[in-house]
Amino acid sequence: MADWRKKLADEIARQGRDMKEVSLKAGLGETYVRDAIKRGRGKLENLIKVAAVLGQPPEWLTSDIPAKPVERPKKEKGFSPKILPGTELVTVRDFPIYAAAMGGNGNLIVTFEPVEIVKRPAILEGVSGAYGILVVGDSMEPAYRQGDMALVHPGLPPARNEDVVLYDHPPDGNCEAILKHLVAWTSTEWILRQWNPPREWSEFMIDWPTCHRVVGKYSRR
């Protein structure tokens with residue numbers, strides 16, 4: 001019988017994923033894969049779910065057949081937010097744009113003091129507290145490039161397969177933030193995706209309690 005523990009560990013590493021994310025995608029506890037590999041035991045039905053998340057058939061676990069090639073997300077196929085043309089701008093110039101800087105841990109540091117006031121997009125007309133963020137970094141390319149303005153609606157609830165900005169506390173002064181694609185969430189975690197390089201993982205809600213929806217962007221000038 002094939003060593004399913006080694007096969008799982010090797011395939012997770014080959015795909016550039018982590019055990020916690022694979023466990024959650026399989027609908028299991030966040031430490032299930034790690035514990036199963038470490039202890040050398042797990043229910044077959046659960047291990048089959050894990051294999052499916054990795055794009056492998058059930059028989060792959062217990063035989064010597066090689067892993068099937070798995071198509072990973074490509075940068076050019078990333079989610080593209082709606083780019084707003086000039087005809088969709090309203091005349092009022094009252095839309096604040098906030099600056100962001102790259103923190104030492106790769107997250108954003110957003111300063112809630114406007115660096116620019118621009119025309120408000122129609123999609124956010126009448127929305128109290130709406131704002132834009134100047135994008136820094138390249139982890140969300142090609143959806144967002146450095147210098148783009150992400151347009152944020154703070155009142156919309158989280159939604160699967162939408163872009164979001166997560167904050168470490170309600171926006172005020174300086175906040176740590178991450179701009180990512182929201183795949184899903186559990187009662188305790190956000191499951192996130194970025195495009196460059198392709199990666200999917202989870203973050204604890206207790207660390208990122210505030211979630212604002214991104215509804216579009218202004219392309220960089």
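Counting the residues of the stretch 11-31 that are over 14 Å from Ile191 (Cβ atoms) and either in the same structural domain as Val183 (by TED's automatic domain parsing) or charged (D, E, K, R) (or both) gives 2.
Among the residues of the stretch 112-135, is any assigned to a helix (DSSP H, G or I) and without any contact (Cβ under 8 Å) to a residue 40 or more places away in the chain? Working first, answer last.
Initially, the stretch 112-135 is screened for residues assigned to a helix (DSSP H, G or I), giving 122-124.
Now drop any that are not without any contact (Cβ under 8 Å) to a residue 40 or more places away in the chain, which leaves 122.
Scanning the stretch 112-135 turns up at least one residue that is assigned to a helix (DSSP H, G or I) and without any contact (Cβ under 8 Å) to a residue 40 or more places away in the chain.
For the stretch 188-213, taking the residues that are more than 12 Å from the chain's Cα centre (by Cα) and β-branched (Val, Ile, Thr), the one that is nearest to Leu124 (Cα to Cα) is identified as Thr210. Filter the stretch 188-207 for residues that are in contact with a helix residue (DSSP H, G or I) (Cβ under 8 Å, 6 or more places away or on another chain) and part of a strand (DSSP E or B) and give the result. Those that are in contact with a helix residue (DSSP H, G or I) (Cβ under 8 Å, 6 or more places away or on another chain) and part of a strand (DSSP E or B): Glu189, Ile191, Trp195, Pro198, Glu200, Trp201, Ser202.
Scanning the stretch 138-187 for residues that are assigned to a strand (DSSP E or B), under 17 Å from the mean Cα position of the chain (by Cα) and of a type in the set (A, V, I, L, M) yields Ala150, Leu151, Val152, Val164, Val165, Leu166, Ala177, Ile178, Leu179, Leu182, Val183, Ala184.
Within the stretch 1-30, the set of residues being among the aliphatic types (A, V, I, L, M) and either buried (at least 19 other Cβ atoms within 10 Å of the Cβ) or touching a Ser or Thr at 6+ places or on another chain (Cβ under 8 Å) (or both) comprises Met1, Ala2, Leu8, Ile12, Met19, Val22, Leu24, Ala26, Leu28.
In the set Ala122, Ala99, which member is modelled with pLDDT of 90 or more and of a type in the set (Gly, Ala, Ser)?
Values: Ala122 fails: modelled with pLDDT of 90 or more.
Only one candidate qualifies: Ala99.
Of all residues in the stretch 193-216, those that are within 17 Å of Gly155 (Cα to Cα) and touching a residue at least 60 places away in the same chain (Cβ under 8 Å) total 5. Condition check: touching a residue at least 40 places away in the same chain (Cβ under 8 Å) and outside the structural domain of Gln15 (by TED's automatic domain parsing). Does Trp190 satisfy that? Considered against the rule, which asks whether it is touching a residue at least 40 places away in the same chain (Cβ under 8 Å) and outside the structural domain of Gln15 (by TED's automatic domain parsing), Trp190 comes out as no.
The values are calculated or read from the model by the stated rules, or taken from the named source; none is laboratory data. Because the structure is predicted, anything quoted here is derived from the model rather than measured. Virtual Cβ from ideal backbone geometry, glycine too; neighbours counted across all protein chains shown.
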